[in-house]
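One structure is given here, and the rest of the page talks about it.
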Amino acid sequence: MTLAIEHQETDKTGAFFFQQNGRRLAEMTYSRTNATLIIIDHTEVDESLKGQGAGRQLLDALVAWARETKTRVIALCPFAKAQFNKDPSIRDVLN
């Protein structure tokens, strides 16, 4: 997969996503509770990208961004929660 991960945040919501021809093929969305805390609430991956690690790539981008911006994370999304449970190396951003 060679699509670039994009990040968008407006007001109290944000997303990391892959886009092609103006259509989002995968996205991980979050809600901001305050200046230093977000809640990952949903991950969705198009059938055409399933099994290619798109969801994990989005999570890795979010974790890198959280570290860089000193943002804490709560994972309510089942996919993100499972990834945090499996991989101790990314848990440092958890609240």
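The values are calculated or read from the model by the stated rules, or taken from the named source; none is laboratory data. Model, not experiment: these values are computed from the prediction. Cβ sites come from the backbone with ideal geometry, for glycine too, and all protein chains shown count toward neighbours.
General remarks:
- Hey, Glu6 crowded, with 18+ Cβ neighbours inside 10 Å, within 11 Å of the chain's Cα centre (by Cα) and of a type in the set (Asp, Glu) or not: no
- Ala82 being assigned to a helix (DSSP H, G or I), surrounded by fewer than 19 Cβ atoms within 10 Å (Cβ to Cβ) and in contact with a His (Cβ under 8 Å, 6 or more places away or on another chain): no
- Residue within segment 36-46 that is among the β-branched types (Val, Ile, Thr) and either at pLDDT below 95 or touching a Cys at 6+ places or on another chain (Cβ under 6 Å) (or both) present: yes
- Only listed residue being surrounded by 15 or more Cβ atoms within 10 Å (Cβ to Cβ), modelled with pLDDT of 95 or more and more than 13 Å from the chain's Cα centre (by Cα), chosen from Leu25, Leu49: Leu25
- Any hit, segment 35-52, residues being in a helix (DSSP H, G or I) and touching a helix residue (DSSP H, G or I) at 6+ places or on another chain (Cβ under 8 Å): no
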